[in-house]
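Asks: The structure under discussion is supplied below as structure tokens; questions concerning it will follow.
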Amino acid sequence: MEYTYLLVLFFTIIICFVASFDKRIKFYKHFAAFLKAGIVVAIPFILWDIWFTHLGVWWFNTDYTMGLVIAGLPLEEWLFFICIPFSCIFTYYCFDKFFDLSKLASFNNIIVFFSVVVCAVAALLFYTKIYTFITALITMFTLIYLHFVARVEWITQASFLFCILMLGFFPVNGVLTGTGIEHPIVNYNPADFLGIRILTIPIEDAVYGYSQFLWVIFFFKRFKRKEI
């Protein structure tokens, strides 16, 4: 169905969007901060997406899209970089508002050390698999910059919440990669990734999403502070 990808995005964002106007949450006051953060982060990730699509690392089945393609990407793929981060940041904002997770900061060193080592090993062992290699490098750079340069205190908190967000990640990304539909919306070249899948989802997708999530939080917090 040509609206499948669009419907996935709609159902991903609609509940969070409506809840943004709840008087206890009032996330709508930070829409501008989110849009700025979302666009800043979307630019390099969209360029990455365009590059990999051009190389044939992945490609899209337009039977499930409206057919409007911009720079090799369906319109829905462009919207992906705003809709998915919106729901993720909304969830992060709610947890940060109603729960005190500051004690998790004591695990930052462990999380960063373990993640960087895993990414470094993956990059060294699988440097011929471009999706695995680039994803590992980007994630490693992200964690090193945020922890040692920006010195943020929320990496473990964000990592914990990302694990919770995986409950939504599985059905959303699952549909995009073929779960529950006849053919995948997003197809991957087997030579370019590890081939390890969670249901139909390449494990690299989860790591990719984790890096994107961290960067959107970083910029969202910066733009949000400027609103005060």
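Asks: Being exposed (fewer than 13 other Cβ atoms within 10 Å of the Cβ), more than 25 Å from VAL186 (Cβ to Cβ) and aromatic (Phe, Trp, Tyr) narrows it down to one residue among PHE27, PHE98, PHE107; which is it?
Replies: PHE98
Asks: Any chance region 72-80 includes a residue that's surrounded by 14 or more Cβ atoms within 10 Å (Cβ to Cβ), modelled with pLDDT of 95 or more, assigned to a helix (DSSP H, G or I) and among the acidic types (Asp, Glu)?
Replies: Looking for residues that are surrounded by 14 or more Cβ atoms within 10 Å (Cβ to Cβ), modelled with pLDDT of 95 or more, assigned to a helix (DSSP H, G or I) and among the acidic types (Asp, Glu), one finds at least one in region 72-80, hence yes.
Asks: Same structure, new question: Determine if region 144-158 includes at least one residue that is within 27 Å of LEU73 (Cα to Cα), out of contact with any Lys or Arg (no Cβ under 7 Å at 6 or more places or on another chain) and not hydrophobic (A, V, I, L, M, F, W, C). Spell out the reasoning first.
Replies: Taking region 144-158 as the starting set, the residues that turn out to be within 27 Å of LEU73 (Cα to Cα) are none.
No: zero hits.
Asks: Give region 3-25 a look and list any residue that's closer than 20 Å to ILE181 by Cβ, assigned to a helix (DSSP H, G or I) and not aliphatic (A, V, I, L, M), or say none.
Replies: Those that are closer than 20 Å to ILE181 by Cβ, assigned to a helix (DSSP H, G or I) and not aliphatic (A, V, I, L, M): THR4, TYR5, PHE10, PHE11, THR12.
Asks: Name the single residue that is nearest to the chain's Cα centre (by Cα) among those in region 36-53 being within 14 Å of ILE134 (Cβ to Cβ) and in contact (Cβ under 8 Å) with a residue 12 or more places away in the chain.
Replies: Result: PHE45.
Asks: When you check LYS29 against the structure, is it among the basic types (Lys, Arg), farther than 24 Å from GLY174 by Cα, assigned to a helix (DSSP H, G or I) and under 18 Å from the mean Cα position of the chain (by Cα), yes or no?
Replies: no
Asks: Right, next: Only one of (1) buried (at least 21 other Cβ atoms within 10 Å of the Cβ); (2) in contact with a Gly (Cβ under 9 Å, 6 or more places away or on another chain); (3) of a type in the set (S, T, N, Q) fails for GLN157. Which number is that?
Replies: The one condition GLN157 does not meet is (2).
Conditions (1) of a type in the set (S, T, N, Q); (2) at pLDDT 95 or above; (3) touching a Cys at 6+ places or on another chain (Cβ under 9 Å); (4) crowded, with 22+ Cβ neighbours inside 10 Å, marked per residue:
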{"site": "ILE144", "(1), (2), (3), (4)": "no, yes, no, no"}
{"site": "PHE148", "(1), (2), (3), (4)": "no, yes, no, no"}
{"site": "GLY178", "(1), (2), (3), (4)": "no, no, no, no"}
{"site": "ASN187", "(1), (2), (3), (4)": "yes, yes, no, no"}
{"site": "VAL207", "(1), (2), (3), (4)": "no, yes, yes, no"}
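Asks: Name the residues in region 60-98 that are free of Cβ contacts under 8 Å to residues at least 12 places away in the same chain and either of a type in the set (Lys, Arg) or within 21 Å of VAL175 (Cβ to Cβ) (or both), would you?
Replies: Quick first cut of region 60-98, residues free of Cβ contacts under 8 Å to residues at least 12 places away in the same chain only: 68-70, 75, 98.
Answer for region 60-98, where residues must be free of Cβ contacts under 8 Å to residues at least 12 places away in the same chain and either of a type in the set (Lys, Arg) or within 21 Å of VAL175 (Cβ to Cβ) (or both): LEU68, VAL69, LEU75.
Asks: Out of GLY67, GLY38, I need the residue that is modelled with pLDDT of 95 or more and either closer than 30 Å to ASN187 by Cα or acidic (Asp, Glu) (or both). Which one?
Replies: Residue meeting the stated conditions: GLY38.
The values are calculated or read from the model by the stated rules, or taken from the named source; none is laboratory data. Owing to the predicted nature of the structure, the values given are computational and were not obtained by experimental measurement. So basically every Cβ, Gly included, is an ideal-geometry build from the backbone, and we count neighbours across all protein chains shown.
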